[in-house]
Amino acid sequence: MEIPFTVKPRPDTGLWNAKVGIWLFLASEVMLFGGLFSAYIFLRIGADFPWPVHVLKVPLGFINTFVLIFSSVTVLQAWLALKMRQYTRYKIWMALTILCALGFMVIKAFEYSDKIHHYGVRMQDGSVLEGHLANGEYNVKFGEVTTVTLATRATSKGLFNINLVSPASDAGFLKFITSGNPEFKDTSGKTVTLNSAEISRLVKDAEKNKQPTIKLTTMAPLKFAINPSKIADYTASKVIFKDGTEIEGKLEDDTLRLEADMVDLRRLFPLNEDRIKDALAAVQNADAWRVLPAEWKEKFLVHNKKETDKFIKKHKGHNPMENADFVRDAFSMPISLHADGGHAAEPEKKADHKAAVSTNHDAPHAEEGGHHDHPEIAIEKKDIAFYSNFTPKYNNYYAIYFALTGLHGLHVMAGALVLTYMLFFGKRIYKVNPEHQANRVETVGLFWHFVDLVWIFLFPLLYLM
Amino acid sequence: MSHDHHDHDSPEYLKKQSLLVWKIGGWLIVFTCLTVWLQYVDFGSHSRNVIIGLLLAAFKASLVALIFMHLKSERGLIYKFLAFTVIFVIGLFALTYLHYVSPLYTEGLF
Amino acid sequence: MSATAATPDDLSHSDHAHEHPKQSFLWKYIFSTDHKIIGLQYGITSLLFLLVGFFLMMVMRWSIAFPGKPLPLIGTIIGDNWAPGGVVSPDLYNMFGAMHGTIMVFLGVVPLGFAAFGNYVVPLQIGAVDMAFPKLNAWSFWLFLIGGVMMLASFFMPTGSAQVGWTNYSPLATTVQYLDVKNIFFTGQTQWLLSMIFIISSSLLGAVNFVTTILNVRCRGMTWMRMPFFVWAMLVTGFLLLLAFPPLEVAAILQLFDRVFGSSFFLPTGLVEGGRHLDIAGGGSPLLYQHLFWFLGHPEVYVLILPAISIVAEIIPCHVRRPLWGHKTMIYAVLVLGFLSFIVWAHHMYLTGMGTVVSTFFQITTVLISVPSVILLTCLMITLWGGSIRFNSAMLFACAFLPMFGIGGLTGLPLAFNMIDLYLHDTYYVIGHFHYVVAPGSLFALFAGIYHWYPKMAGRFMNETLGRIHFWPSLVFMNLLFGPMMIQGMAGFHRRWYDGGMAFEETTKSFLWMNELMSFAAWGLALAQIPFIFNVFYSIKHGKKVTSDNPWQATTMEWDTPTPPGHGNFLHEPVAYRQPYEYSVTGAEEDYQPQFLPDGAKPEDKLTHAGH
């Protein structure tokens, strides 16, 4: 016996199995995205930071909306072609749909990588500077490193003393050495050159002897430039890596150099501040204000004045400080050396370029233009409360942005995979029973429209409002 | 339910459907443009822009659901369980929102 | 082929199983898409998980009863890191506590009740040849197994497994095993989240399959009201899983973001861990996690209990030879129950200070939901009235279920009122309450189900003497184990004390003796399961053979199949002719009228397919 109603609808419900199934699945998807949207509302209402508005590139989001709507149309055309038993036309429309899905993901990838290279720095008092890292990187530099201590973490073990993964030191720290050779003397005075094989041998031996650490002394002092994401903690004389390895030396430089493209001073005054004067006064004590080059301070005041005048002209009698849009526009300002870069309040001349570059900057690359059209600002570590690129870590807006679009992207990819399967492996079933194949495409189509439907909400929520 | 299944398979009907799909697709693009434009119009407060944007998005979403996903001519059973889903989603929204309606939170937020 | 148009051709196809001798063991029993095999796979796996969860609890009970004393035998094997000198460390206690809850709920009771019994029995009861999507069904099992294995593997991470309770509340769940770990992926907490995502996906596929099958693959004549109560309960349970699990999936994904990408969905501003400000943005809310978690968490309670109560509703009418009292009432009650279970979740959160308006709302709905639960229980009790009861093992467990579930339910009522809950929250009273619902409640019903349907699955009865040796000690020990918890709870014992209250000896000493009593009851309970385990294996080969396809003289469709049912289930096209519980029919020759026999036909006592 075969399972009934796989193709023909059941008389009393009027539905074939897969249709019931996909709608049930979509119901659960509604709950999934419902939960995420509910989290969005919850986080936005409860946010204790100014919720970013209009920070994503609207044209890209708009193109993606267009692409998804178009693909929804094409998948329906493919289904209708099957209904009319025109297999070639079906294949064309289906291929177009899959191309749309790929296009969507490519645009998404550009957006993501843009975010990943963009940084924000929150100072101790809450003022914010945004921009790109100078040279695209930020490293903690350590010099005069003479001792390295490898950890075996012999005590970190799972149940029954079984470990599925090793908790001990690995060779990860070696790649941060910028000068000197990794030649060491161990406790017995023997010379070893460290590489990953050597380290795993040392760790294994030490584990056997129940030695928690292996102390090694360098033959000649080493220099390190370490990516902070690998560091668990560091002081002026010591770095502890996440795998437990410790190096001792001297902290040389942990200043963060930012090619700033935005200064945001909204966190300086309380939410219910109702006088611009007080707000402006507060702003001028900000940490970010201190590191801002002098001419940009002037420009900020001009920018603020201009926004205020604009608001007063437009809304007579209203208190501008009660308007979140005004506060956002007036107390944050894009910084760009290019004439029309960003939404700078007024045109800047190329000549300003050099003047704006802070003095302690030693590299000549600021001349190169292109990427470096923003003034470079050096921020000392002690001033930084928190910094991150615009990934989920930066704030809950980006967190929910990545969660929502990431999950949506996974749906797009899953949909594209199934559509591809339908395109290349549909012929067999089509030959046996064309209606069956039409039903299968309708089912995938329903899923695909749902993905489109979710995006219809995502686009305004994340890009526009 | 009064439709005979075969009505939906005639070439004329399918051609009409194909045209309708293009039309709705066009309207969806038009409404997207409208959404973008309206977000930059000043309605006095940002929350009005948000409400307008969401209403438009809901309208577009219902076009997709009704026409593209042909819920318009779908069977009652599907409506039944979608109704439950919608109720629970609204419950999830409303009650986490209600969370803030409390002496601890109301001040300063609403 | 449509079942409504059965031809002689179909009939010849019906015993497929015998036409495929080439099918290898691997494809027939391991990667099978047959709902019965998948049901058995689920059953065996979940029983094993129940054993693991039970073992964790026994270790915990040692720590509670004899804090600071080395655990005999096992203590030294566990390893110095977790049990120095064989003494259960607080960390180990936390680890086992968290995993006991997770394993019992997500890997034990739900898969056994919903997936195992549902898979085996539902298609048979609605006269279907298989589930609507057999491949999806197999996927569902394999995803579940991957999730389960990952969950167990997390014990062997350098950090140990998850340690913050089965609810995995943020921020603690995010910040433990977080700062000083080499790789955030290989920590127990992260593995917990990853495996939950697998388990949830498995449940979603399963739920889609169940609901579709029940809605669309019913046999001819199987109208809504002719569906047995078990099928109705499974339909509701399917919807609960379908709609309640996604928010938990959201919670798991967001917590995974917090741990792996450093976001702060559930982390408030200014969080300090181990004396250090965490390097996070802040601005999130731990309460958001709790809302999302309990949006699943409460319907989940009914996912645990509905299969159980509906198994009892199948067993009682059959073994008292009376129709199920109020079949329709029970159906409406279970629908209302399912609906209400979605809007009571925040009664787990009274202590969070979420506001009086919300508390009051949830207090009202929580009290309301006791009404349909009481209806179900009352109907089952009235069914017993005036019946001629067969006291076999299945019926003993089913009968014990009623008062045990009753106690569990009634002790829950005080917790519904937030003034009382503020005091009782997180005490052993709560533990006692929900264990009465789930352990002697759900588990007894599941045992009853195993004894009841075993003859259909194996072609032999389970041994009755062993069944009684299983039942009576289990009943006594369950009560000795969970009864005193109520008293301790009212005395203020906190549920997470690894030393059972020894640290507060001044105030707790008059109740400390109960710890030992309960622990010995727990170990006794373990001994009482040995006859059951033995019985399951022994009876496959040596149990009393059934002489009929319908050995209990039951009325529902599953007894119309050969014993055991082959691929395709039925030998002829199944048709439902009447209501599911036609026992004690006045004027009929036999005292029952099976659903699958046309009017006038007499039930036959014979085997159609014995001995393979």
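The values are calculated or read from the model by the stated rules, or taken from the named source; none is laboratory data. Predicted model, so just to flag it, every value in this text is computed and none were measured. Using ideal geometry, Cβ is built from the backbone for each residue, glycine included, and neighbour counts are taken over all protein chains shown. Note: areas computed on protein heavy atoms with side chains; ligands, DNA, RNA excluded. Shrake-Rupley method; radii C 1.70, N 1.55, O 1.52, S 1.80 Å.
Each of C:PRO603, C:ALA554, C:PHE534 was placed along the dipole of segment C:518-612 (beta-carbon charges, centred on the mean Cα), and the one lying farthest toward the positive end is C:PHE534. Remark: segment B:5-73 carries 55 Å² of accessible area per residue (probe radius 1.4 Å; ligands, DNA and RNA excluded).
Taking segment C:546-612 on its own, what percent of its Cα-Cα pair distances exceed 16 Å? It works out to 44 percent of all Cα pairs.
Expressed as a fraction of 2.2 N^0.38 Å, the value expected for a compact globular protein of N residues, the C-alpha radius of gyration of chain A is 1.29.
About its Cα centre, the protein assembly as shown has a charge dipole of approximately 1660 debye under the convention of +1 per Lys or Arg Cβ and -1 per Asp or Glu Cβ, with nothing else charged. Counting charges near C:MET95 (Lys, Arg +1; Asp, Glu -1) among other residues having Cβ under 14 Å from its Cβ returns a value of +1.
Global size of segment B:5-73: 16.2, 54 Å for Rg and Dmax (C-alpha atoms, Rg to one decimal, Dmax whole). Dipole orientation for segment A:140-226: of the candidates A:ASN209, A:GLY189, A:LEU222, A:ASN209 has the Cα lying most toward the positive pole (charges on Cβ; Lys, Arg +1; Asp, Glu -1).
One chain, two ends: C:LEU179 and C:THR223. Fully extended at 0.36 nm per residue, the span grows by 10.0 nm beyond their Cα-Cα distance. Net charge in the neighbourhood of A:LEU68 (other residues with Cβ under 12 Å of its Cβ; Lys, Arg +1, Asp, Glu -1) is +1.
Selection among A:LEU404, A:ASN389, A:ILE45 by position relative to the dipole of chain A gives A:LEU404 as farthest towards the positive end (Cβ unit charges, Cα centre). Let me spell out the model: positive unit charges on the Cβ of Lys and Arg, negative unit charges on the Cβ of Asp and Glu, origin at the Cα centre of chain A. What dipole size does that give, in debye rounded to 20? Using only the charged Cβ atoms, the result is roughly 1800 debye. Here the dipole of segment A:27-128 is about 600 debye; that uses its Cα centre as origin and unit charges on the Cβ of Lys and Arg (positive) and Asp and Glu (negative). A simple spin-label model places the labels of A:ASN135 and B:VAL41 5.2 nm from each other, with each point 7 Å out along Cα-to-Cβ. With a cut-off of 14 Å between beta carbons, the residues surrounding A:ILE400 carry a summed charge of +2, where Lys and Arg count +1 and Asp and Glu -1. The interface between chain C and chain A buries about 5300 Å² of solvent-accessible area in total (1.4 Å probe, ligands and nucleic acids excluded). Relative to the current alpha-carbon distance between A:ALA281 and A:LEU301, full extension at 0.36 nm per residue lengthens the span by 6.1 nm.
Past the 20 Å Cα-Cα mark, which pairs from A:LYS175/C:LYS182; A:LYS185/A:LYS223; A:LYS57/B:LYS60? Flagged as over cut-off: A:LYS57/B:LYS60. Short to long, the 10 Å bins of the Cα pair-distance histogram for chain C hold 3, 16, 27, 27, 16, 8, 3, 0, 0 percent of all pairs. A full extension of the chain between C:VAL367 and C:LYS135 corresponds to an added length of 79.4 nm, given 0.36 nm per residue minus the alpha carbon distance. For chain A, relative contact order (Cα pairs under 8 Å, six or more residues apart, normalised by length) works out to 22 percent. FRET efficiency for the pair C:PHE31 and A:THR420, taken as 1/(1 + (r/R0)^6) with r the Cβ-Cβ distance and R0 = 25 Å, rounds to 0.50. Over segment A:140-226, with a single point scatterer placed on each C-alpha, what log10 of the ratio I(q)/I(0) does the Debye formula yield at q = 0.26 1/Å? So the normalised log intensities work out to -1.34. Give, as ranges by residue number, the residues of segment C:428-463 whose backbone N falls under 12 Å from the point 7 Å along Cα→Cβ of C:LEU410. In segment C:428-463, the label zone of C:LEU410 (backbone N under 12 Å from the point 7 Å along Cα→Cβ) covers no residue. Taking every protein chain into account, the accessible area of chain A amounts to 43 square angstrom per residue (probe 1.4 Å).
Taking a straight line from the alpha carbon of A:LYS299, these lysines sit under 19 Å away, with near neighbours fewer than eight places off in the same chain left out: A:LYS277, A:LYS310, A:LYS349, A:LYS350, A:LYS354.
A Förster radius of 22 Å, combined with the Cβ-Cβ distance separating C:ILE389 from C:LYS328, puts the computed FRET efficiency at roughly 0.40.
The modelled label-to-label distance for the pair C:THR352/A:ILE45, using points 7 Å beyond Cα in the direction of Cβ, is 1.3 nm. Taking a label point 7 Å from the Cα of A:VAL58 along the Cα→Cβ vector, which residues of segment A:446-465 have an amide N closer than 18 Å to it? Of the residues in segment A:446-465, A:456-465 have backbone N under 18 Å from the label point off A:VAL58. Between B:LEU66 and A:LYS427, the modelled label-to-label distance comes to 4.1 nm, taking each label 7 Å out from Cα in the direction of the beta carbon.
For segment C:68-86, heavy-atom accessible area (probe 1.4 Å) falls by no less than 40 Å² from the chain alone to the full protein assembly at C:ILE78, C:ASN81. Measuring against 28 Å, Cα to Cα, the residue pairs A:LYS91/B:LYS16; A:LYS210/C:LYS69; A:LYS431/B:LYS15; A:LYS250/A:LYS297 contain A:LYS250/A:LYS297 as the ones spanning a longer distance.
Computed over Cα pairs, the Kirkwood radius of the protein assembly as shown leads via Stokes-Einstein (1.567 mPa s, 4 °C) to a diffusion coefficient of 39 µm² per second. Under 8 Å for C-alpha pairs, at least 6 residues apart: give me the relative contact order for segment B:5-73, rounded to a whole percent. Over segment B:5-73, the number comes to 29 percent.
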